[in-house]
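Novice: Structure in structure tokens, see below.
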Amino acid sequence: MKINIISVGKIKEKWLIEGIEMYKKRISHYSNIELIIVNDESNDIDEKRVKKLEGERILAKLPPNSYNVVLDLKGEMLSSEGLAQKIIDITNYSSSTINFIIGGSLGLDSEVIKKADYKISFSKMTFPHQLMKLILLEQIYRAFKINNNESYHK
């Protein structure tokens, strides 16, 4: 199994980097995991153009025959147990490679959303995309703990 987290923009905050690295290391005991960062675009240009350019960079990073999950406010909300089951279902019936895709500060281009096999929402609230990476990694780690009947999830 391989998990890719494809996201826009580098993270500068030390505390976020440390948290992301901690969960990446924890997940690596269960799955091959790679964090793929594409450059963000300056917000000095038109919003639609920003999303298009960032979207092209994301699409270029999608491996063939993989399962694409986009984080989208219009996606389905799952419990932690639901995400754990979704990961099992994807690997059993669709692909051994899962791409979780996080857009930039303006969101995702429609072409990226069209490539989605599944859309997930973590909340009706909007979170900074940098923080969302940490939240996503924690939930993926929790899913592996649930799927392996290990203590962590309460």
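The values are calculated or read from the model by the stated rules, or taken from the named source; none is laboratory data. This structure is a prediction, so every number in the text was calculated from the model and none was measured. Counting neighbours? That spans all protein chains shown, and the Cβs are built from the backbone with ideal geometry, glycine included. Protein only, heavy atoms only, side chains kept; ligands, DNA and RNA dropped before computing areas. Shrake-Rupley method; radii C 1.70, N 1.55, O 1.52, S 1.80 Å.
Novice: Of everything in the stretch 110-134, what is under 23 Å from LYS10 (Cβ atoms), in a loop (DSSP other than H, G, I, E, B) and open to solvent by less than 80 Å² (accessible area, probe 1.4 Å)? Give them in sequence order.
Specialist: PHE122, PHE127, PRO128
Novice: For residues in the stretch 32-59 being hydrophobic (A, V, I, L, M, F, W, C) and more than 16 Å from the chain's Cα centre (by Cα), which is nearest to LEU106 (Cα to Cα)?
Specialist: Taking the candidates together, the pick is VAL50.
Novice: Looking at the stretch 17-31, can you tell me whether even one residue there is within 14 Å of LEU108 (Cα to Cα) and not acidic (Asp, Glu)?
Specialist: Scanning the stretch 17-31 turns up no residue that is within 14 Å of LEU108 (Cα to Cα) and not acidic (Asp, Glu).
Novice: While we're here: Counting only residues that are outside any strand (DSSP E or B) and not charged (D, E, K, R), how many does the stretch 84-109 have?
Specialist: So the count comes out to 15.
Novice: Is it true that some residue in the stretch 14-29 is assigned to a loop (DSSP other than H, G, I, E, B) and open to solvent by 80 Å² or more (accessible area, probe 1.4 Å)? Before you say what the answer is, go through the steps one by one.
Specialist: We begin by selecting, within the stretch 14-29, every residue assigned to a loop (DSSP other than H, G, I, E, B); these are 28-29.
This time we only want the ones that are open to solvent by 80 Å² or more (accessible area, probe 1.4 Å), so: 29.
Yes: the stretch 14-29 contains one or more residues that are assigned to a loop (DSSP other than H, G, I, E, B) and open to solvent by 80 Å² or more (accessible area, probe 1.4 Å).
Novice: Continuing with this model, one more query. Report yes if GLU47 is at pLDDT below 95 and exposed (fewer than 14 other Cβ atoms within 10 Å of the Cβ), otherwise no.
Specialist: yes
Novice: Looking at SER66, SER42, can you tell me which residue is over 16 Å from LEU137 (Cβ atoms), small (Gly, Ala, Ser) and loosely packed, with under 13 Cβ neighbours inside 10 Å?
Specialist: SER42
Novice: Also: For LYS74, which of the numbered conditions (1) open to solvent by 60 Å² or more (accessible area, probe 1.4 Å); (2) modelled with pLDDT under 95; (3) not in a strand (DSSP E or B) fails to hold?
Specialist: Only one criterion is unmet by LYS74, namely (3).
Novice: Among the residues of the stretch 14-43, count how many are within 17 Å of ILE98 (Cα to Cα) and at pLDDT below 95.
Specialist: 0
Novice: Does the stretch 4-13 hold any residues that are under 18 Å from ASP72 (Cβ atoms) and either outside any loop (DSSP other than H, G, I, E, B) or open to solvent by 50 Å² or more (accessible area, probe 1.4 Å) (or both), and which are they?
Specialist: The answer is ASN4, ILE5, ILE6, SER7, VAL8.
Novice: Just to be sure I understand the filter: pairs with C-beta atoms under 6 Å, separated by 6 or more residues or on different chains, first member in the stretch 67-84 and without any contact (Cβ under 8 Å) to a residue 60 or more places away in the chain, second member open to solvent by less than 20 Å² (accessible area, probe 1.4 Å) and in a helix (DSSP H, G or I). Which pairs pass?
Specialist: TYR67/ILE90
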